[in-house]
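Asker: Below is one structure. I have some questions about it.
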Amino acid sequence: MIKYLGLPALASEHGRDVDNLILFVHFLMGALFLGWIIYFIYVLLRFRAPKTPRADYVGTKSHASSWIEWAVIVVEGVLLFGLSIPLWAKFADKFPEESKSVVMRVVAQQFAWNAVYAGADGKFAKQDLHLISSTNTLGFDPQDPAGKDDVQVLNDLYAVVNKPVIAHISSKDVVHSFKINSFRVTQDAIPGLSIPTYFTPTKEGTFLIACAQLCGNSHAFMRGFFHVVSQEKFDAWMAENAKKVGGAGASYE
């Protein structure tokens, strides 16, 4: 049934729960639409002029509409308290261990996606706003030894299939939104805040990163690519880029 909704191919562990919620909401909206259309047609036929030539100043004495409204409220309450809130609690309260995950910092800017990966030591270099320049776009301290093995990339992010990803999302300028449809992941990127989110990719491949917040005149072209590969390919990619980029504070140019 979900395939008829036109959703992108699912490629994350938690995505099935999101799809089920979307499906239930569509069922509810479809039932409401059908019910009200039937009622509307009934009213048009039942109370057309030839049937009721004289005005009724009393109105309906039935409470059927009130019961229908209460039924809708109950169903929406079930969707909210029985599905939406438990789904969010399950997702938000069970962050994976960083030692068993791919950890990255994703920094949005007009109109690109920056990402930084901690190296083998699992530590990021210190950041300072005063260090930001054309050759140090994220303000990492080039003298901090923790950043010597970090990897910085632009618009091409990598992760390991079936391994949790923890992404700390932030922005350099305006509000953006990190969105990967196939992972069922959307997280606003807000200047001054680092907001963590996590997901587990379940399929290898390349997936589009889009910005889901209108962020300027080139918003439509703010695209990146999220590559999901095997552990071996990811390790090789990290090793290659650690040498090429030269640690935190390096330029992309």
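The values are calculated or read from the model by the stated rules, or taken from the named source; none is laboratory data. Since we're looking at a predicted model, the values are computed, not measured. Heads up, the Cβs are rebuilt from the backbone with ideal geometry, glycines too, and the neighbour counts pull from every protein chain shown.
Asker: Tell me which residues, restricted to segment 147-176, are more than 24 Å from Ala236 (Cα to Cα), in contact (Cβ under 8 Å) with a residue 60 or more places away in the chain and either part of a strand (DSSP E or B) or among the hydrophobic types (A, V, I, L, M, F, W, C) (or both).
Answerer: Ile169, Ser170, Ser171, Val174, His176
Asker: Looking at (1) under 30 Å from Asp156 (Cα atoms); (2) not basic (Lys, Arg); (3) not in a helix (DSSP H, G or I), which one does Tyr57 not meet, given that it meets all the others?
Answerer: Unmet condition: (1).
Asker: If I filter segment 104-137 down to residues being among the aromatic types (Phe, Trp, Tyr) and closer than 30 Å to Asp19 by Cβ, which single residue comes out as surrounded by the most Cβ atoms within 10 Å (Cβ to Cβ)?
Answerer: Filtering first and then ranking leaves Trp113.
Asker: Does Leu80 satisfy the criteria of being out of contact with any strand residue (DSSP E or B) (no Cβ under 7 Å at 6 or more places or on another chain) and modelled with pLDDT under 80?
Answerer: No.
Asker: Hey, could you check segment 141-163 for residues that are crowded, with 18+ Cβ neighbours inside 10 Å, at pLDDT 95 or above and touching a helix residue (DSSP H, G or I) at 6+ places or on another chain (Cβ under 8 Å) and say which is farthest from Ala212 (Cα to Cα)?
Answerer: Checked segment 141-163; the qualifying residue farthest from Ala212 (Cα to Cα) is Val160.
Asker: How many residues, within segment 47-77, are under 23 Å from Phe27 (Cβ atoms), of a type in the set (A, V, I, L, M, F, W, C) and at pLDDT 75 or above?
Answerer: 8
Asker: Turning to a different aspect of this structure: Of everything in segment 183-202, what is surrounded by fewer than 17 Cβ atoms within 10 Å (Cβ to Cβ), hydrophobic (A, V, I, L, M, F, W, C) and touching a residue at least 24 places away in the same chain (Cβ under 8 Å)? Give them in sequence order.
Answerer: Matches in segment 183-202: Ile195 only.
Residue by residue, here is whether (1) β-branched (Val, Ile, Thr); (2) under 17 Å from the mean Cα position of the chain (by Cα); (3) not in a strand (DSSP E or B) holds:
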site: Phe95; (1), (2), (3): no, yes, yes
site: Ala115; (1), (2), (3): no, yes, no
site: Ala120; (1), (2), (3): no, no, yes
site: Ala125; (1), (2), (3): no, no, yes
site: His130; (1), (2), (3): no, no, yes
site: Leu138; (1), (2), (3): no, no, yes
site: Gln143; (1), (2), (3): no, no, yes
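Asker: Looking at segment 119-142 only, could you name the residues that are among the small types (Gly, Ala, Ser) and within 16 Å of Asn241 (Cβ to Cβ)?
Answerer: Gly119, Ala120, Ala125
A quick yes/no check of all residues on (1) exposed (fewer than 10 other Cβ atoms within 10 Å of the Cβ); (2) of a type in the set (S, T, N, Q); (3) within 31 Å of the chain's Cα centre (by Cα):
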{"site": "Tyr4", "(1), (2), (3)": "yes, no, yes"}
{"site": "Met29", "(1), (2), (3)": "no, no, yes"}
{"site": "Ala49", "(1), (2), (3)": "yes, no, no"}
{"site": "Leu80", "(1), (2), (3)": "no, no, yes"}
{"site": "Val102", "(1), (2), (3)": "no, no, yes"}
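Asker: Still on this structure: Quick check: is even one residue across segment 71-85 aliphatic (A, V, I, L, M), part of a strand (DSSP E or B) and out of contact with any helix residue (DSSP H, G or I) (no Cβ under 9 Å at 6 or more places or on another chain)?
Answerer: no
Asker: I'm told Met222 meets every condition in (1) without any contact (Cβ under 8 Å) to a residue 24 or more places away in the chain; (2) closer than 20 Å to Phe111 by Cβ except one. Can you identify the failing condition by its number?
Answerer: Only one criterion in (1) without any contact (Cβ under 8 Å) to a residue 24 or more places away in the chain; (2) closer than 20 Å to Phe111 by Cβ is unmet by Met222, namely (1).
Asker: May I ask you to verify whether Glu253 is at pLDDT below 95, over 21 Å from Lys94 (Cα atoms), out of contact with any strand residue (DSSP E or B) (no Cβ under 8 Å at 6 or more places or on another chain) and not assigned by TED's automatic domain parsing to the domain that holds Gly139?
Answerer: Here the answer is yes, as Glu253 does meet what is asked.
Asker: Sticking with this one: Leu45 passes all but one of (1) under 28 Å from Ser84 (Cβ atoms); (2) part of a helix (DSSP H, G or I); which number fails?
Answerer: (1)
Asker: So which of Ala108, Ala112, Ala11, Ala31 is touching a helix residue (DSSP H, G or I) at 6+ places or on another chain (Cβ under 9 Å), modelled with pLDDT of 85 or more and under 30 Å from Val165 (Cβ atoms)?
Answerer: Ala11
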